[in-house]
Structures are given as C-alpha cells and as structure tokens.
Amino acid sequence: YGATPIPFTREETERIFAEHITRTVNSGGSVLIPVPAVGRAQEIMLVIKNLIESKMIPEVPVILDGLLIESTSIYSCFPEYYSTESRDEFMSGDSLFFSDYFVSVKSQNHREEILESREPMIVMATSGMLEGGPVLSYLRSMSESDKNLLLFVSYQVEGTLGRKILKGMREVTIINEEGKQEVFKLSAAVEKVDGFSGHSSRQQILSYLKRVSPKPQNVIFVHGEPEAVNSIAGAARRVLEASIYTPRNLDTIVVG
C-alpha cells in the first residue's frame, strides 16, 4: 500500500468490479471471488447486494462457501458496531448480510451440486489467497472454461497461489480433498480490482503524517514488502522532520 497511490476512487472501484461481473455473466460465465473470511467477505457481500439492487450487475445466485459463513453470522449478532448507515438499515428490518441473492453452502453434497451446475453465478469462498479451503474446489472446476473469471479483491502475499496466478502462472498445483497433489490448467480469465482495502492507502498515510499533532520525532514503517516500505519512507522524509526507520526482520531499534 505504500509503494503506489490507489488509482481509483471507491466509486470507480465498484464500477470496475461491476463491469467485470457483468461482462462475464452476460457471456455465460461465472465469477469466482476468493475472499478473506473476516471483513473483506462482508464488504464484498454488501457491494454485490447493492449492485444487484441498483441493476448494475445481472441478478444471479451468489454462492457463499467456507469460513465466511460463520464469520458473517457473528457480524449479524452485533449491529451496534455497524456504521451509522448500516445500523439504520439493519434497524429498518434489512438483515444486510442475508438476502434472497445469497446461497450458503452447508454440505459437501450441496457444494458438488453447485460445482456441477453450468448456470452463471458468483461464488465467494475462502481462502482469500487460494492457500486452502473450498475456494480450491471451485477454482479447479471453473478453471476449465475461458468464459469464467477469477476475480481478486484482496491483497495477495508473495509466495501464495493467488500471487503466483497474478504473475501469470496458468498450470496450477493444489492438494485436493483426498490429500493428493493435483495439477490442472487455468483457462479462466484472471483480473484484480484494486481499491477494496481495510488498510490506509499511501495518500491517507502521508496525509495523516502531514496533519498529526504533535509532530512525531521518530517514525517506524513496518508490515509491508521492502519496496513499499522504502517507497513510503522516502515520501515521509519529504513531509516530516523526523527520524525515519525501515527495520528488517530481526532488527532492533532503540529510540530515546
């Protein structure tokens, strides 16, 4: 997040997201969206729900599978932590995360029925970086057709299957339900939509550093890939008169 500015506003992000889904569904394909179970899954659920209701994407089944189902149930129990707008919507009788559009997968048999279907659908499943979970079953099944779309909406850490696919890998190796290694060709289209994030952007971080009071004497940038950390540290040096640190793993910093 520190390396380059996010190129889109939130409105543009949702428009691009909707365009990918509409183009795929209208061509007879399905969309697979790997999602982290907590936070991003619920955010994308609400985005999809609003896009369907506003007629910005076709009305197709939205399949929910994996840990996101349990996580969403927990969200539904604590509306007092929602934003004001979402809380008002919830209090008016809208269950937010439960809709006729959403289909929760409750069993392996149910999942197999969905996998055998060739009707257009949107599938949201864990894990978000394709490192395990039911998303791999959908990936294997939906990889066969170039009409389908693998659509990333979250960060893919270096070394994960998701990151490898974004870099161009199309011969995918997974461990299947029997615990055996399986290799298949990914023929589905691959896209990533930037702009959905639980983290502050580069612009937001620098804006905060400019406005924060009192001004810090020391700033330590962590939790990022080296390129991103070094990039935003350089930008911070131009807006702050402070000591800027970019520690590596196992480094120790002592500040007085």
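Which residue out of Ser154, Ser200, Ser231, Ser207 is under 23 Å from Met121 (Cβ atoms), surrounded by 12 or more Cβ atoms within 10 Å (Cβ to Cβ) and of a type in the set (Ser, Thr, Tyr)? Walk me through how you get there before you give the answer.
Values: Ser200 fails: under 23 Å from Met121 (Cβ atoms); Ser231 fails: under 23 Å from Met121 (Cβ atoms); Ser207 fails: under 23 Å from Met121 (Cβ atoms).
So the residue among Ser154, Ser200, Ser231, Ser207 that is under 23 Å from Met121 (Cβ atoms), surrounded by 12 or more Cβ atoms within 10 Å (Cβ to Cβ) and of a type in the set (Ser, Thr, Tyr) is Ser154.
Scan (1) buried (at least 21 other Cβ atoms within 10 Å of the Cβ); (2) over 28 Å from Ser27 (Cα atoms); (3) of a type in the set (Ser, Thr, Tyr) for the single condition Ser92 breaks and write down its number.
(1)
Answer yes or no: is there a residue in the stretch 66-81 that is hydrophobic (A, V, I, L, M, F, W, C) and under 22 Å from Thr13 (Cβ atoms). Step through it out loud before you land on a result.
Here is the first cut: in the stretch 66-81, the ones hydrophobic (A, V, I, L, M, F, W, C) are 67-69, 74, 77-78.
Subset that is under 22 Å from Thr13 (Cβ atoms): 68.
Yes: the stretch 66-81 contains one or more residues that are hydrophobic (A, V, I, L, M, F, W, C) and under 22 Å from Thr13 (Cβ atoms).
Mind checking which helices (runs of 4 or more DSSP H) fall wholly inside the stretch 3-83 and carry at least 2 residues that are touching a residue at least 40 places away in the same chain (Cβ under 8 Å) and within 15 Å of Phe98 (Cβ to Cβ)?
Values: elements: 10-26, 40-53, 68-76.
It comes to 40-53.
I'd like to verify a number: residues in the stretch 210-228 that are open to solvent by less than 40 Å² (accessible area, probe 1.4 Å) and under 30 Å from Glu43 (Cα atoms), how many? Spell out the reasoning first.
Narrowing the stretch 210-228 to residues open to solvent by less than 40 Å² (accessible area, probe 1.4 Å): 212, 216, 219, 221, 228.
This time we only want the ones that are under 30 Å from Glu43 (Cα atoms), so: 212, 221, 228.
Residues meeting the conditions: 3.
Yes or no: Ile174 at pLDDT 95 or above and crowded, with 16+ Cβ neighbours inside 10 Å?
On the way: at pLDDT 95 or above: no; crowded, with 16+ Cβ neighbours inside 10 Å: yes.
Spelling it out, it is not the case that Ile174 is at pLDDT 95 or above and crowded, with 16+ Cβ neighbours inside 10 Å.
If we keep just the residues of the stretch 234-256 that are open to solvent by 50 Å² or more (accessible area, probe 1.4 Å) and of a type in the set (Val, Ile, Thr), which is nearest to Ser201 (Cα to Cα)?
Val239
Just give me the residues in the stretch 59-78 being surrounded by 15 or more Cβ atoms within 10 Å (Cβ to Cβ) and in contact with a helix residue (DSSP H, G or I) (Cβ under 7 Å, 6 or more places away or on another chain), in sequence order.
Val60, Val62, Ile63, Asp65, Gly66, Leu68, Ser71, Thr72, Tyr75
Mind listing whichever residues of the stretch 118-141 are open to solvent by 20 Å² or more (accessible area, probe 1.4 Å) and hydroxyl-bearing (Ser, Thr, Tyr)?
Result: Ser127, Ser141.
The values are calculated or read from the model by the stated rules, or taken from the named source; none is laboratory data. Everything numeric here is computed off the predicted structure, so don't read it as measured data. With ideal geometry, Cβ positions are generated from the backbone for all residues, glycine too; neighbour counts draw on all protein chains shown. What goes into the accessible areas is simple: the full protein's heavy atoms, side chains included, and nothing from ligands, DNA or RNA. Shrake-Rupley method; radii C 1.70, N 1.55, O 1.52, S 1.80 Å.
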